[in-house]
Amino acid sequence: MTIAVNRPSGVAGRPPPSFETTYGEVVPAVRAAQMRLLEQRWMVDRHGTPDDLAALAGGRLATVVAGWQTAGPLRVTVAVGGGWNGSAGLHAARTLAQMGHAVTIVPVAAGPFGARAITASPMLRGAFVRIADAGHRAAALAEADVVVDAIVGCGLQGGARAGMANAIRDVNRLARRIVAADVPSGMDADTGFAWGPVVRPTVTVAFGLPKPGLAQAAAYGSDLLLADLRIPPAAIRAVGPGYGDPFRQGPIVALRAAG
């Protein structure tokens, strides 16, 4: 689902931007490779699997989406790509459906994340969701109160493939509100560089720790939230000196770029 190309010159050596909560707690940014190491530490310490971690992230995502409910169920469309971000999106879809919201899933990948495979996915067992094929994608995005962008996350290296890029354009063109999972799809998580079309979210929910590119997402006008994935604090301090306790006021906190 990715195309590896060289990064723009001069970007890799820049120090990562700093972030902080609205109550002044400094939160270090971590690059995608560092985050993968922290995720591995999470799985070792908790005897968990990538799907367990995706379920936790998806639950946090669902909580943010459900926060827009005022009266009656929300109409939520989840744009799901391949990889771990897509898994988190499917778990969010299941949780939202179990809350009573009207959920539609739009697959943006073939193979294990295609429409037929998603329909049979154990992640959605017991959940009433609708699967929209490519011909109904525009309608599903346009009719939603909230669109969840779970197309691609930290794994993107270089520009999105044509099908994915078209889906990103459709999300930007048709969605009323967009909640991006971890990083906006199409954006380089380490640099914020846009190799092509990038989702312009209303809110971005960073998982565990913010990635440096989210400073650019904030510049685009996205609100930033940070969701607790229960990563051991000692592991985080090993990659980000100065880490305190950003989640002392809850498992989802508002974040801002500090510099």
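The values are calculated or read from the model by the stated rules, or taken from the named source; none is laboratory data. The structure displayed is predicted, hence computed values, not measured ones. Ideal geometry is used to build each Cβ from the backbone, glycine not excepted, and the neighbour counts take in all protein chains shown.
For this structure, a couple of remarks:
- Flag if Gly192 is at pLDDT below 85 and either assigned to a loop (DSSP other than H, G, I, E, B) or touching a Pro at 6+ places or on another chain (Cβ under 9 Å) (or both): no
- If the condition is being among the polar types (S, T, N, Q) and crowded, with 24+ Cβ neighbours inside 10 Å, then segment 69-86 contributes Thr77, Asn85.
- The set of residues from segment 45-61 being buried (at least 19 other Cβ atoms within 10 Å of the Cβ) and either within 11 Å of the chain's Cα centre (by Cα) or not hydrophobic (A, V, I, L, M, F, W, C) (or both) comprises Ala54, Ala57, Gly58, Arg60, Leu61.
- In segment 133-145, the residues that are closer than 17 Å to Gly81 by Cα and surrounded by 20 or more Cβ atoms within 10 Å (Cβ to Cβ): Arg137, Ala140, Leu141
- Filtering segment 197-208 to residues that are surrounded by fewer than 22 Cβ atoms within 10 Å (Cβ to Cβ), of a type outside the set (Lys, Arg) and more than 11 Å from the chain's Cα centre (by Cα) leaves Pro197, Thr202.
- Those helices (runs of 4 or more DSSP H) of segment 43-133 in which 3 or more residues are touching a strand residue (DSSP E or B) at 6+ places or on another chain (Cβ under 8 Å) and at pLDDT below 95 occupy 83-98, 115-119.
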